[in-house]
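The values are calculated or read from the model by the stated rules, or taken from the named source; none is laboratory data. In this text the structure is predicted, and so the values were computed from the model without any measurement. Using ideal geometry, Cβ is built from the backbone for each residue, glycine included, and neighbour counts are taken over all protein chains shown.
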């Protein structure tokens, strides 16, 4: 069947794109559109055209499988120009998503209408390059410079209502195809020339300083990224008098950036995130529905997990040891929701509905009918085994029992039940209602259908799920331990945490390793290490950490850790430098100046070696899974693709 067909409805030529699943703009689609618009131009019986897509969405962007390969004509930029040259009005009828090349095609049409659920965007910046078919040239001519900068630099989609408000679409309709044909009929005989987006932009319509303002913002919020700055340059090129010169400048920037290491890395992590469920023995068709959930523990993590499910319409029973503790958990959720309302992420009515889906209780009998229980109690093996033994007694035989432990042996936890094949890990990252990453841990005996069900529900929650096996720390915390171990040794060698933090921030990490420990609490790792067998931890790497905790310096919560927090900014004090020097001497480590390159190279090598061990042991199935965990859970710079990808740069 052809990817593009053309039919007539009176004087209206109806072009339908049907290339499932998302009508990606493949070579077949491009050629089909070219041929259809050629026919429309040549047929005197067609006075106006409607472009509509079959299935769940309008054209959602380029065919991802063609990225990085030699382009095959007709090229998208040529197709967009060809559509724009049509002497007859063309209506783009949009549902689902018009992203990237899909939006560029819509911008080439003289008019645009959409359903209320449609979304619009130029997400190319998220893959490290600039739109290459006129998106940065036509969009500012339609909606203005600053709104166009926001869409193209941020790469976030706009809703149909937002699109109508800024003039991106003409109107919102209900019956897309029928309303599009009716709308097109009103355009019969109308000259489309005034609606084409190739006219000069008036210098009086914008503040010339806006471009430097956006560059300054990118220097702070998008540190180290090339594509956002190039997008600003491309939009600025649209203000020139020569439309085609702007197109050529945009195209050159797009092609150049597509070949860059940053774009290669960003595309790698993009595809890796979409391949996390491509693992052995996982078949999502085996997934069962989850219609009710219980969370054991209403602390920060438990409350966040409960909020995640409730937000997606799934009722949650929140279990605590006392009414006071359960109410405190409900209050945590209420506070999170109020903050979301204040930020404009939710309206008050929806926030109240979410809260109403959470039922606090102290009675385990209330869990008799739930489909999934997630334990989020303290990291103590004895306590967790007690909880699971109790759950085994009260939950129905088909219920899934999951633990949110971040490092304990889930095989041992499962042994406390009579159904170890229905026990798994769901390691949410904190704060759970914000962080997208979840490690889905399958034990030695977890039923594959259970893993499929958990993977499916994580997709519905909008989370990025990564399948992992059982080991201390699973993928993320095991990798992070190796990273922190090397950072600890580097601190002893250079005599201070500051050069290590500075080097890793320069590399692109969101924070330095010691800044992170101060923020999260140094005592968390201290307690974890105390639970490990003797000899499991490097005797020197964490010696400073442990001494700081024993001195009462646990990080920001005590106003002192690796740094002191008396004022607005963290400061080093002599007590830490003296402690580092003493421990280095005791360990026989000679202190010396370390270059930024040596610090980052050693930390990356430590990550890669640990990652390779994780792969060799079968804890992770593929390198991309490790990259997804570290990028989404630990602040590794996305534009470097993850620690396993980075070694190939």
Condition broken by residue 111, with the remaining ones in (1) within 19 Å of residue 205 (Cβ to Cβ); (2) in contact (Cβ under 8 Å) with a residue 60 or more places away in the chain; (3) out of contact with any helix residue (DSSP H, G or I) (no Cβ under 6 Å at 6 or more places or on another chain) satisfied: (1)
Can you list residue pairs whose Cβ atoms sit under 6 Å apart, with the first residue in the stretch 214-240 being not assigned by TED's automatic domain parsing to the domain that holds residue 143 and the second being in a loop (DSSP other than H, G, I, E, B) and surrounded by fewer than 16 Cβ atoms within 10 Å (Cβ to Cβ)? Count only pairs 6 or more apart in sequence or on different chains. none
Is it the case that residue 104 is surrounded by fewer than 23 Cβ atoms within 10 Å (Cβ to Cβ) and either under 16 Å from residue 198 (Cα atoms) or assigned by TED's automatic domain parsing to the domain that holds residue 240 (or both)? no
Here is a check on your reading of the model: is residue 398 in the same structural domain as residue 337 (by TED's automatic domain parsing) and out of contact with any helix residue (DSSP H, G or I) (no Cβ under 7 Å at 6 or more places or on another chain)? yes
Quick check on residue 597: is it closer than 15 Å to residue 500 by Cβ and out of contact with any helix residue (DSSP H, G or I) (no Cβ under 7 Å at 6 or more places or on another chain)? yes
Give the residue, chosen from 273, 250, that is surrounded by 13 or more Cβ atoms within 10 Å (Cβ to Cβ), assigned by TED's automatic domain parsing to the domain that holds residue 52 and not in a loop (DSSP other than H, G, I, E, B). 250
Which ones in the stretch 1-18 are within 16 Å of residue 178 (Cβ to Cβ) and assigned to a loop (DSSP other than H, G, I, E, B)? 10, 11
Could you identify the single residue in 231, 210, 235 that is within 30 Å of residue 145 (Cβ to Cβ) and surrounded by fewer than 18 Cβ atoms within 10 Å (Cβ to Cβ)? 210
Go through the residues of the stretch 34-43 one by one and say whether even a single one is part of a loop (DSSP other than H, G, I, E, B) and at pLDDT 95 or above. yes
What about residue 591, is it touching a residue at least 12 places away in the same chain (Cβ under 8 Å), surrounded by fewer than 16 Cβ atoms within 10 Å (Cβ to Cβ), assigned by TED's automatic domain parsing to the domain that holds residue 481 and part of a loop (DSSP other than H, G, I, E, B)? yes
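For every residue, the table says whether it meets (1) surrounded by fewer than 15 Cβ atoms within 10 Å (Cβ to Cβ); (2) at pLDDT below 95; (3) within 22 Å of residue 404 (Cα to Cα).
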| position | (1), (2), (3) |
| --- | --- |
| 290 | no, no, yes |
| 306 | no, no, yes |
| 309 | no, no, yes |
| 325 | no, no, yes |
| 343 | yes, yes, no |
| 346 | no, yes, no |
| 358 | no, no, yes |
Would you point out which residue out of 337, 266 is out of contact with any strand residue (DSSP E or B) (no Cβ under 7 Å at 6 or more places or on another chain), in a helix (DSSP H, G or I) and assigned by TED's automatic domain parsing to the domain that holds residue 358? 337
Out of 557, 534, sole residue that is at pLDDT below 95, surrounded by 14 or more Cβ atoms within 10 Å (Cβ to Cβ) and assigned by TED's automatic domain parsing to the domain that holds residue 498: 557
Scan the stretch 327-341 for residues that are within 23 Å of the chain's Cα centre (by Cα), without any contact (Cβ under 8 Å) to a residue 12 or more places away in the chain and either more than 28 Å from residue 158 (Cα to Cα) or surrounded by 15 or more Cβ atoms within 10 Å (Cβ to Cβ) (or both) and report the count. 2
Candidate set: the stretch 433-446, residues that are without any contact (Cβ under 8 Å) to a residue 40 or more places away in the chain and either assigned to a helix (DSSP H, G or I) or in contact with a strand residue (DSSP E or B) (Cβ under 9 Å, 6 or more places away or on another chain) (or both); chosen: the one surrounded by the fewest Cβ atoms within 10 Å (Cβ to Cβ): 445
Helices (runs of 4 or more DSSP H) fully within the stretch 143-204 counting 2 or more residues that are touching a helix residue (DSSP H, G or I) at 6+ places or on another chain (Cβ under 9 Å) and at negative phi: 145-154
I'd like the residue in the stretch 56-70 that is free of Cβ contacts under 8 Å to residues at least 40 places away in the same chain and surrounded by 14 or more Cβ atoms within 10 Å (Cβ to Cβ) and, out of all such residues, is farthest from residue 250 (Cα to Cα). 63
Out of (1) outside any helix (DSSP H, G or I); (2) over 24 Å from residue 181 (Cβ atoms), what's the single condition that is false for residue 113? (2)
Tell me, yes or no, whether the stretch 195-203 has at least one residue that is surrounded by 15 or more Cβ atoms within 10 Å (Cβ to Cβ), modelled with pLDDT of 95 or more and within 33 Å of the chain's Cα centre (by Cα). yes
What about residue 302, is it within 23 Å of residue 403 (Cβ to Cβ), touching a helix residue (DSSP H, G or I) at 6+ places or on another chain (Cβ under 7 Å), without any contact (Cβ under 8 Å) to a residue 60 or more places away in the chain and not in a strand (DSSP E or B)? no
Of residues in the stretch 503-520 being outside any helix (DSSP H, G or I) and touching a residue at least 40 places away in the same chain (Cβ under 8 Å), the one farthest from residue 576 (Cα to Cα): 508
Out of everything in the stretch 19-33 that is touching a strand residue (DSSP E or B) at 6+ places or on another chain (Cβ under 7 Å) and assigned to a loop (DSSP other than H, G, I, E, B), what residue ends up being farthest from residue 4 (Cα to Cα)? 24
Find the residue count for the stretch 544-586, including only residues that are in a helix (DSSP H, G or I), touching a strand residue (DSSP E or B) at 6+ places or on another chain (Cβ under 9 Å) and touching a residue at least 40 places away in the same chain (Cβ under 8 Å). 1
